[in-house]
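Structure record follows, encoded as structure tokens.
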Amino acid sequence: MVQRRPEGNPAMPEDTRPRVRLFGDLLAHWARERPADTALIFGDQSWTWAEFDERVRRLAGALSVAGVGKGDRVAFVDKNHPACLETTFAAAGVGAANAVVNWRLSGDELAYVLKDSGAKVVFVGAELRDALDAVRDRLPALERVVVVGGEHDEYEPFLTSAAPHTESGLDPDDGVLIMYTSGTTGFPKGAVLTHHSVLAHGLAAGTAFPIGPGDVNLVAMPLFHVGGSCYAVSGFLYGEPSYLTREPDAASLFAALQAGITHAFLVPAVVAGIAQAGEAAMKAFSRLKYLCYGASPMPLPLLRTALAAWPDTRFAQVYGMTELSGAVTALTPEAHRDTSRPERLASAGTALSGVDIRIADPVTFEDTAVGEVWIRTEQRMAGYLGKPEATAETIVDGWVRTGDVGRLDDGGFLFLEDRVKDMIITGGENVYSPEVERVVAEYPGVAEVAVIGVPDDRWGEQVKAVVAPAPGEQLDTDKLVEFCRERLAHYKCPRSIDVMEALPRNATGKILKRSLREPYWRDRSRNV
């Protein structure tokens, strides 16, 4: 049962969020101020702030006994589960960071990320135990595996095995989360987010997405994304209940609506699924007070449909990135319904509090009207784990290079036009083309390959591979797709493959991906 406080003004709730320095301070604050109020709901289970704080401190004690301390890492591999949030807070309490791993990764990808993280303890969902066991011999730093859930659950006994831990010697700049994002080498990089950066994000994001008394916040996006874990922390700052779903599927979302959720963050692909489900589904979601969306652009026809179907819902779009702990701009509810400037529906909104935006030439670093979007904010990551050179390429004089091309209008609204990097965003998932190209190039008979993003009305983009066969070779594209699926997470695999005699190149031999993309984006208002 959800214990709620009386409702206040839903449009402008009083800002009662604590200004805390450490993750543990946040839970301790609400455990002291609202010990009996509901903190977290998961299915038919719920925990008060006092219970949640107690569990986290006990888990921190168990991690400490297991030898996890300041500067160490643990990892979590599972679909959404309360244990992941508890692990993040508990690891932070002993000075360690939780590497939340995408459970959809292939075996090789999983092994790479876990080895790179250097996790000493890995928490793994029961249904993913076999996948971890298959790569365990490649993880020299791994000392202990704790199975979460299932018939042989080890998590609860582990959590209750030690006395509650008392924090000491922690610093706001200690890492608390490691979120993996793709890089220019085609291998993932671990962005190290700190107490300070994540809490700063929560305070800034709340200006566009406030939660008030009586509200219930839905956490449905994967916790291995900043839109899951960092969004959850943003909600915790308000001291109101959060409702966590295992996955953002139809059954889970409707159960959440029945439980009384008022706020939600969803990727456009999920919103498209709701629209495609018909009038009843659209009516059900009209109950939301606030709908925040992001991670990929919302197609304007879909956005207009949702605005018309949900006239009382306050819409907020956010733009950000893993390296910035989440959102740095927001298109406010008022801007969504401003009929005097309808073109701004296609923008990413304006800077959040404490965020500076600069448009720079990606080569000269000089200011320019249209160029690479640079961001300066306290939400910035500490850097990429174990990769100082990549960190230096991304963070320049305190500014984070986003890799996105954009411009600012006369009101400071950010419009994204294209990408400097070869990132593809499909259904809110980031896919970096070198990762896919590396695998496609291994297929017998492929001489060269380029992977691009092409428009998809539901997913935003889909992955397409353009390949040239070696002389005398005939490529079976269906078998090539299957080859990729055995080696990559399915969302990274090409949905379609074009075969060309030779890929277009410039005078220096670089493949002209813009030429490959142009026919597919020709009639679109923007190239992302």
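Some observations on this one:
- Counting 0.36 nm for each residue step from VAL363 to THR166 and taking away their Cα separation leaves a gain of 66.0 nm.
- Segments 484-491, 306-313 sorted - mean Cβ within 10 Å per residue, highest first: 484-491, 306-313
- Per-residue Cβ neighbour rank within 10 angstrom, fewest leading, ILE178, ILE425: ILE425, ILE178
- As a proxy for reagent exposure, ILE211, ILE497 were ordered by neighbouring Cβ count within 10 angstrom, fewest first; the result is ILE497, ILE211.
- With a simple spin-label model that places each label point 7 Å from the Cα along the Cα-to-Cβ direction, the separation between GLN258 and HIS490 comes to 2.6 nm.
- Distance from segment 234-284 to segment 402-441 (C-alpha centre basis), Å: 26 Å
- Over segment 424-521, the hull volume per residue, using the convex hull of the C-alpha atoms, is 96 Å³.
- Of the GluC sites (Glu not before Pro) found in segment 272-372, those that fall in a DSSP loop while having at most 12 other beta-carbon atoms within 10 Å are GLU366.
- Distance in nm between pseudo-label sites at ALA502 and THR207 (7 Å out along the Cβ direction from Cα): 5.4 nm
- Electrostatic dipole magnitude of segment 424-521 [Cβ: Lys, Arg +1; Asp, Glu -1; Cα centre; debye, to 20]: 300 debye
- Charge dipole (debye, nearest 20) of segment 36-180; +1 at Cβ of Lys and Arg, -1 at Cβ of Asp and Glu: 340 debye
- Residue exposure sequence - SER117, SER168, SER64, SER496 - by fewest surrounding Cβ within 10 Å: SER168, SER496, SER64, SER117
- A simple packing score, the average count of other Cβ atoms within 10 Å per residue, orders the peptides 212-224, 345-357 as 212-224, 345-357, with the highest score first.
Values in this text are rule-based calculations from the coordinates and carry no lab data. These numbers come from a predicted model, not from an experiment. Cβ: placed from backbone, ideal geometry, glycine included. Neighbour counts: every protein chain shown.
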